[in-house]
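The values are calculated or read from the model by the stated rules, or taken from the named source; none is laboratory data. Predicted, not measured: the structure shown is a model, and the values here were computed from it. Ideal geometry is used to build each Cβ from the backbone, glycine not excepted, and the neighbour counts take in all protein chains shown.
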Amino acid sequence: MSEALVTETAASRSKGTPARKSSKPGGPGFFGRIALFLRQVIGEMKKVVTPTRKELLNYTAVVLVFVVIVMGIVTVLDLGFGKAVLWIFGGSANLEQ
């Protein structure tokens with residue numbers, strides 16, 4: 001009989017006690033947190049790579065083809081379910097009353 005390999009994780013070591021908050025008094029204030037957030041946003045924006053024109057056209061074509069395919073699938077399902085509902089509930093009634 002094989003024994004399951006169980007590893008000890010931080011969650012299993014904690015034994016249900018909540019994590020302690022940092023003992024640092026105060027910490028960054030409201031405006032300090034906003035400034036940190038803005039610095040992080042600027043740092044992430046510097047990592048962004050702008051696609052070339054060829055890549056952009058390729059990505060656009062892939063998205064448009066995918067949207068057309070999904071549109072076709074949804075159309076077929078809609079027509080199929082519509083026909084099924086009319087067949088089940090008797091769609092021969094005159095709706096122009």
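With respect to the stated conditions, Thr75 is modelled with pLDDT of 95 or more and surrounded by 10 or more Cβ atoms within 10 Å (Cβ to Cβ). Does the stretch 7-15 contain any residue that is within 28 Å of the chain's Cα centre (by Cα) and either at pLDDT 80 or above or of a type in the set (A, V, I, L, M, F, W, C) (or both)? Checked the stretch 7-15: at least one residue is within 28 Å of the chain's Cα centre (by Cα) and either at pLDDT 80 or above or of a type in the set (A, V, I, L, M, F, W, C) (or both).
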